[in-house]
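The values are calculated or read from the model by the stated rules, or taken from the named source; none is laboratory data. Being a predicted model, the structure only gives us computed values, none of them experimental. Here the Cβ positions follow ideal geometry from the backbone for every residue, glycine too, while neighbour counts run over all protein chains shown. Each accessible area value is taken on the protein alone, full model and side chains, heavy atoms only, with ligands, DNA and RNA left out. Shrake-Rupley method; radii C 1.70, N 1.55, O 1.52, S 1.80 Å.
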Amino acid sequence: MPVPPECQPFADLVANLSGQEQTVREAIPGLGGADRWKKMLELGKVRQQLADQNALLSACQKQHAADIETTIAVFDLPGNSSQSRIARVWKLTPDGQAVKQTVTIKDNVATFNEIIGTDRQSFGITVEGTDDAAVNGPDFRSGPLPTASAGDQPDPASRIELVILPPIAITGSSLSQGAPPLPIQLSFPAPALGSIGISVATLDIVIVNGDVSFSARGTATLTAPSPSSSPFTFTNSLHVAPAFSLTPSMIVDVLTGTAPVLTMPGLLGSVLQLITPMLSNALLAQGVRPMLSLLNTLIARQVAETLGLPALPSACVLSLRSVAFEKDSITCTPVLGAFGTVLSAFVPAAPVVSVSLKSLTIQPSLIGTSNPKGAVGSVALSDHAPAGGVTILLSSDRPDLVVVSPEGLLIAENCSAGQFTASPVAGQAMSSQTIDCTVQASLQGQTLTAPLAIRPEQPPTLVPQTTMPTLTPVTGDFDVAEIALLTPSPIRLQEPVSGQITIDGLPTLSDITGTISFGPEVLPPQPFRIHAGSVAGYFAFTLGPAFPGISLRITAWTNDGKKKSIDVPVRA
């Protein structure tokens with residue numbers, strides 16, 4: 001490859017040092033002793049200088065490369081795009097863009113010659129299909145070329161990835177959202193006549209056969225020599241086409257259509273003809289441009305929604321390879337393009353499903369201290385829980401009187417509600433008056449509350465029976481004696497279920513904890529707690545719509561204790 005002029009000084013130094021290196025190397029065999037050692041040291045220094053200058057020459061050649069070779073990788077989702085393409089290099093100036101070079105893409109590679117130089121960001125690239133009559137737009141518009149990479153990294157412009165997407169349709173009713181509020185008030189100077197005021201009362205924008213036809217009706221008022229006014233009608237049309245502009249935010253462009261026509265009777269109409277171009281530009285700015293800006297936004301938004309994304313990947317450019325017009329809609333074939341591997345390496349972020357607490361209820365809202373089952377609470381979400389479910393934190397403002405179980409209520413994926421229990425603390429001394437408590441449910445900073453009143457009651461007298469199990473000593477281990485559902489059987493999918501776990505002893509010194517599982521592994525295991533002074537704890541769960549069987553095995557065990565299981569019928 002020829003050396004760019006900017007790099008010639010480095011090339012000259014490399015040539016000079018190469019000659020020195022050869023001279024010193026050839027002198028070494030005829031020397032001996034100290035002279036030979038000195039010459040070898042000299043050779044090492046020359047070779048180090050030569051390596052440094054070669055590195056500088058390589059960097060300079062990369063910066064001032066006269067050629068750029070770009071691989072075009074096309075991912076055609078519809079599978080019907082053309083195979084023949086050309087690529088153009090555009091010179092970007094403050095006045096616009098001009099074609100610098102056009103090349104045919106061969107074997108998915110485009111080679112551009114002598115175009116980059118030192119200011120590569122003043123160039124841009126487009127890619128276009130050539131063998132499909134329906135294609136009237138580009139597959140890619142680069143914007144300014146990216147800067148060259150440092151060191152040995154590949155040039156980011158050496159690869160372009162294109163993803164051709166299925167067509168999308170934009171309806172005319174969607175574009176009506178871009179119409180400006182009426183009336184539109186305009187004012188234009190009229191030499192020797194004062195000024196002309198324009199009040200636009202109606203503005204109709206219609207897309208027909210690729211043309212944006214807009215008509216305005218209203219009243220024109222002349223302030224001098226004597227005030228007068230007259231109704232007018234103004235019509236104009238422009239052509240909508242895919243944008244070839246290297247400004248990435250512009251997806252569709254508007255080209256000049258037919259000449260504007262102003263209709264107004266009388267002398268005022270003759271005067272008003274003088275301002276027709278100004279009126280056309282003003283209505284275009286206030287009436288048509290907002291609609292086209294909305295069209296660009298709608299196309300980008302709809303493409304992102306088609307891909308299931310909140311927004312298009314950064315560093316990519318959206319182009320339209322074709323635009324077709326029907327009765328009241330525009331059908332576009334979008335193409336995403338980017339330099340490097342932006343698209344093939346893109347990994348969408350996990351969607352954030354926003355759910356919130358919808359309601360919290362407790363029934364009954366008054367329980368006595370002798371009621372071992374307590375009350376059943378229900379929590380509802382604003383929407384179905386996302387993948388992995390959500391955990392709601394439950395608590396009481398009087399934990400000395402009310403035990404809420406579980407403290408973390410898991411609502412499974414695709415379910416929207418769950419249940420828990422709120423029970424009085426057994427053996428807790430109370431006054432003779434009912435005490436008002438509050439149960440709280442919290443999720444992502446949101447908290448709902450529900451009232452629960454605790455009424456003091458005398459505990460029931462236990463009558464010894466020969467069939468009662470012997471209680472385990474308080475210092476011993478406890479096993480699960482029984483698992484019972486509080487919800488009627490069979491249980492139903494997507495409906496909250498609550499249950500009770502009873503152990504074979506009465507702990508008096510500390511709480512008993514354990515684990516409950518749901519087979520066949522349809523829900524994560526959850527912990528349960530039985531408080532000191534009680535023989536029962538509670539659990540709650542909800543089966544999702546994808547439960548695979550007709551029965552559910554519920555297994556519970558205390559820490560280091562024996563397992564106890566029950567099988568529960570399930571109905572969809």
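A few notes on this one:
- The helix-only estimate of mean residue ellipticity at 222 nm for the chain, built from DSSP H runs of length n ≥ 4 each weighted as -39500 (n - 2.57), is -5000 deg cm²/dmol after division by the residue total.
- Per-residue ³J(HN,Hα) for region 511-522, Karplus 6.51 cos²θ - 1.76 cosθ + 1.60, θ = phi - 60°, Hz, x for Gly and Pro: 6, 10, 10, x, 9, 10, 10, 10, x, x, 6, 8
- In this structure, the amide hydrogen of Ser359, modeled 1.01 Å from its nitrogen in the peptide plane, lies closer than 5 angstrom to those of Ala380, counting only residues at least 5 positions away or on a different chain.
- Within the chain, Cys316, Cys332, Cys415, Cys437 have no other Cys Cβ under 4.7 Å of their Cβ and so lack a disulfide-compatible partner by this rule.
- Prolate/oblate/rounded label for region 262-396 (Cα gyration tensor, a/c 1.5): oblate
- Spatially, region 9-42 and region 276-302 are offset by 72 Å when compared through their Cα centroids.
- Normalised convex hull volume, region 14-84, alpha-carbon set, Å³ per residue: 157
- Residue ranking by accessible heavy-atom surface, 1.4 Å probe, largest first, among Lys38, Lys564 comes out as Lys38, Lys564.
- Short-range pairs are left out: with C-alpha atoms under 8 Å and at least six residues apart, the relative contact order of the chain is 9 percent.
- Heavy-atom accessible surface of the chain: percent carbon and sulfur, 1.4 Å: 55
- Under 5 Å, built H, 5+ apart or other chain: amide partners of Thr223: Ser195, Gly197
- Dipole of the chain, positive end: most advanced residue of Ser382, Ser356, Leu255 [Cβ charges, Cα centre]: Leu255
- When only alpha carbons of region 531-572 are considered, Rg and Dmax amount to 13.6, 39 Å.
- Its relative contact order, with pairs defined as Cα atoms under 8 Å and 6+ residues apart, puts region 305-455 at 21 percent.
- Summed over the residues of region 1-112 and divided among them, the accessible surface reaches 63 Å² per residue at a probe radius of 1.4 Å.
- Lys563 accessible area, 1.4 Å probe, all protein chains in place, Å² to nearest 10: 140
- Kirkwood-type radius of region 229-317, with distances r between different C-alpha atoms, in Å: 15.7
- Principal semi-axes in Å for region 291-367 [√(5λ), Cα gyration tensor, largest first]: 41, 21, 9
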